[in-house]
Amino acid sequence: MKLRSLLIAALLVGGFVYLTNHDSPLRRTLSSGELPSWSEPTVAYSAGLTSDEQNNIDIYKSAKDSVVYITSTVIQRGFFGSYQSQALGSGFLINADGQILTNNHVVSGSSQVEVTLPDQSTYKAQILDRDQVNDLALIKITPKKRLTFLNLGDSDRIQVGQKVLAIGQPLGLDGTLTVGVISTLHRDIEGENNRKLEGMIQTDAAINPGNSGGPLLDSAGNVIGINTAIYGPNGNIGIGFAMPINRAKTMLEAIRSGKRIVQAGPLGVSIVAYVQGDIAEELKLPSSGGILIDEIKSEPARSAGLHGATREVIVGNYRVPVGGDLITAIDGKPVKDQDAIRRAISSKHAGDAMLLTIYRDGRSMDVKVTLGGEAQAGEERF
């Protein structure tokens, strides 16, 4: 599906309508001395805050001063020559040194990046590094005061149904909090320039243009995602997407170690499918299931000694290549669907190792694979 990144090219000005009627029937009734038609009490008292409401308030108070607003100046070329345009996004501080995580598309092509803190102080920002595959960027300001920052959570442990909170500046309205749940996990979407964004978090928390780069928080205030895209061209319809924060943690670890960031390339296999249950048993494979390898296409699968299919069998109305390795776990985590390989690779960089648990000839074994460089255009990321 085609997604729209959460970036806006100008601030929203005006357009507000006050929901106040200064000549309402209620006002006329009370001014004429007549009693209202409802029963006592005439004074409403607050029932207090629920624990969930208090949690929302606490998270917002603790996080809001760490969410920043990013203005990106881009030089455009038009019929009458060059001109400047500005785009607006969000970001969040990750340490007291002024480092900020955001989306790559927020700062892409910029001649100048400016960061505004919630107290309206502004700073010029330096772009430290980018991860274009995962639409991530790390920028830095030189703060003149002590800054608060957000803690990074663990996006591998989140679950569908848990509460999430988004903070950003949708449509230029800074400091906006919205609340929702995780709608689903591991969603693949098509981002800008037809680049696929894999393994995204889908949420119904309202996010809109301008939310790009802002944090998606759990109920403990930890960042579990970076708000990145929405479905449809006209703003929030309850389907938004965030990049899991563990992708950014991988980028940050590479920067701290001084390594150049190169996204890991494919494993070098083609696959049959994810098989489990009765079909797996019919193929004399574990019923718990796994990803069945069809062919060994290239490195690094060939160097690791992985095996492809050796023959075909008929299962129902289908010819199924069999005899290849069955991948049952990746880095110690059981394989649950055929996208597990792509998800694992998306969190790796070139030179990283990936531990595959495979089933071959009636027994399980571990195979260590060292991943190569980034996939070529059009190359499948298996």
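The values are calculated or read from the model by the stated rules, or taken from the named source; none is laboratory data. All figures in this text were calculated on a predicted structure; none of them were measured in a lab. Here Cβ is always computed from backbone atoms with ideal geometry, including for glycine, and neighbour counts include all displayed protein chains. What goes into the accessible areas is simple: the full protein's heavy atoms, side chains included, and nothing from ligands, DNA or RNA. Shrake-Rupley method; radii C 1.70, N 1.55, O 1.52, S 1.80 Å.
Within region 98-106, not a single residue is touching a strand residue (DSSP E or B) at 6+ places or on another chain (Cβ under 7 Å), part of a loop (DSSP other than H, G, I, E, B) and open to solvent by 10 Å² or more (accessible area, probe 1.4 Å). Filtering Leu147, Leu128 for residues that are at pLDDT below 95, touching a Leu at 6+ places or on another chain (Cβ under 7 Å) and part of a strand (DSSP E or B) leaves a single hit, Leu128. Put simply, of Lys368, Lys336 the only residue that is at pLDDT below 90 and surrounded by fewer than 20 Cβ atoms within 10 Å (Cβ to Cβ) is Lys336. Among the residues of region 280-303, just one is within 10 Å of Leu267 (Cβ to Cβ) and polar (S, T, N, Q), namely Ser298. Name the single residue that is modelled with the lowest pLDDT among those in region 290-321 being more than 19 Å from Leu355 (Cβ to Cβ) and basic (Lys, Arg). Ranking the qualifying residues of region 290-321, first place goes to Arg319. Does Lys297 count as among the basic types (Lys, Arg), touching a Ser or Thr at 6+ places or on another chain (Cβ under 7 Å), under 29 Å from Asp131 (Cα atoms) and open to solvent by 30 Å² or more (accessible area, probe 1.4 Å)? Taking the combined requirement at face value, the residue satisfies it. Restricting region 150-167 to residues that are touching a residue at least 60 places away in the same chain (Cβ under 8 Å) and hydrophobic (A, V, I, L, M, F, W, C), the residue that is most open to solvent (accessible area, probe 1.4 Å) is Leu152. Among residues of region 108-126 that are farther than 17 Å from Gln86 by Cβ, those with a beta-carbon under 6 Å from a residue that is part of a strand (DSSP E or B) at least six positions away or on a different chain give the pairs Leu117/Val68; Gln126/Lys140. Residue under question is Arg256, and the condition is that it be more than 25 Å from Asn55 (Cβ to Cβ), surrounded by 20 or more Cβ atoms within 10 Å (Cβ to Cβ) and charged (D, E, K, R); does it hold? No.
Being of a type in the set (Gly, Ala, Ser) and either assigned to a helix (DSSP H, G or I) or at pLDDT 85 or above (or both) is the filter here; which residues of region 163-203 pass it? If the condition is that a residue be of a type in the set (Gly, Ala, Ser) and either assigned to a helix (DSSP H, G or I) or at pLDDT 85 or above (or both), then Ala166, Gly168, Gly172, Gly175, Gly180, Ser183, Gly199 are the ones that fit. The residues of region 322-333 that are farther than 16 Å from Ala353 by Cβ and open to solvent by 20 Å² or more (accessible area, probe 1.4 Å), listed by number, are Gly323, Thr328. One residue alone among Val160, Val133 is assigned to a loop (DSSP other than H, G, I, E, B) and more than 22 Å from Met251 (Cβ to Cβ), and that residue is Val160.
Against the numbered list (1) closer than 16 Å to Leu88 by Cα; (2) open to solvent by less than 20 Å² (accessible area, probe 1.4 Å), Leu147 comes up short only at (1). Note on region 229-248: residues that are within 18 Å of Ser66 (Cα to Cα) and either open to solvent by 10 Å² or more (accessible area, probe 1.4 Å) or of a type outside the set (Gly, Ala, Ser) (or both) total 1.
Anything in region 346-368 that is of a type in the set (Lys, Arg) and assigned to a strand (DSSP E or B)? List them, or say none. Within region 346-368, Arg360, Arg363, Lys368 meet the criteria.
A Cβ distance below 9 Å, combined with a sequence gap of six or more or placement on separate chains, defines the contacts here; from region 57-79, residues that are within 23 Å of Ser108 (Cβ to Cβ) and at pLDDT below 95 reach residues that are acidic (Asp, Glu) and open to solvent by 60 Å² or more (accessible area, probe 1.4 Å) in the pairs Tyr69/Asp174. Listed by first and then second residue, the pairs linking a residue in region 168-185 that is more than 22 Å from Lys61 (Cβ to Cβ) and open to solvent by 30 Å² or more (accessible area, probe 1.4 Å) to a residue that is of a type in the set (Asp, Glu) and not in a strand (DSSP E or B), with Cβ atoms under 8 Å apart and 6 or more places separating them unless they lie on different chains, are Ser183/Asp204.
Residues in region 204-218 that are farther than 21 Å from Leu152 by Cα and at pLDDT below 90 were compared, and the one that is surrounded by the most Cβ atoms within 10 Å (Cβ to Cβ) is Gly210. Can you find, within region 110-122, the residue that is farthest from Arg342 (Cα to Cα) among those that are buried (at least 19 other Cβ atoms within 10 Å of the Cβ) and out of contact with any helix residue (DSSP H, G or I) (no Cβ under 9 Å at 6 or more places or on another chain)? If we take residues in region 110-122 being buried (at least 19 other Cβ atoms within 10 Å of the Cβ) and out of contact with any helix residue (DSSP H, G or I) (no Cβ under 9 Å at 6 or more places or on another chain), then Val115 is farthest from Arg342 (Cα to Cα).
Only one of the listed residues (Gly199, Gly221) is over 14 Å from the mean Cα position of the chain (by Cα) and closer than 21 Å to Gln159 by Cα. That residue is Gly221.
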